[in-house]
1. Which members of the range 128-141 meet the condition of being outside any loop (DSSP other than H, G, I, E, B) and over 28 Å from Phe93 (Cβ atoms)?
2. Go over the candidates Ile117, Ile138 one by one and state the one that is closer than 22 Å to Leu76 by Cα and either modelled with pLDDT under 85 or surrounded by 10 or more Cβ atoms within 10 Å (Cβ to Cβ) (or both).
3. For the range 32-84, how many residues are assigned to a loop (DSSP other than H, G, I, E, B), among the acidic types (Asp, Glu) and within 18 Å of the chain's Cα centre (by Cα)?
4. For residues that are small (Gly, Ala, Ser) and in a loop (DSSP other than H, G, I, E, B), scanning just the range 9-29, find the one that is modelled with the highest pLDDT.
Amino acid sequence: MGKEKGLLEIRIAGLSEGIYEYDFTCQASGFTNPELAEPGFSKEIRTRVVANKTDSEITIDIETKTLAEFNCDICLAPLKKELTGMYRVFFVFGEPGSVSEEQSEGYRVLDRNASVIDLTEDVRETLLLSKPLKVVCIDNPECSVYREDGAEQSEEKHGAKSLWQESLEKLKNKYH
């Protein structure tokens, strides 16, 4: 049985040395992974790939952008956030096992006869890493946890400077 074609592949057969740019647009449903459906990746995913091919390696920079739908962790209000992620992968030409484990951190061995590089898994990981750990809606008036209106109003009412502000003002006047 042949290998299944990846969602995001770049063809490297016959590429000469240089820099190559690729733009992909896909949907989260194209990834056979439920993790991308859970956080609300319902919009299109734009991926920009820049490949720099040299005689001995290919360096690939991946940049992903999408609009994700979340719920605020505090007030559960629906939110839309643009997520961007960046990831760099190094592919070294050689035979499998030719790069030791100490040297291989951050590097992948690529057969010189390979015709394509499948970036589907790398793009999926970049998307998942761009997801924020905590989602809060600071600008939402319904969510009162992060609002500081009370502090601003009390300062306006009193109009007085705090002790450290007065000390700072004295220092400023002393040296000017």
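The values are calculated or read from the model by the stated rules, or taken from the named source; none is laboratory data. Small disclaimer: the values here were computed from a predicted structure and weren't measured. A quick note on method: Cβ atoms are made from the backbone with ideal geometry, for glycine too, and the neighbour counts reach across all protein chains shown.
1. Leu128, Ser130
2. After applying the criteria, what remains is Ile138.
3. 2
4. Ser16
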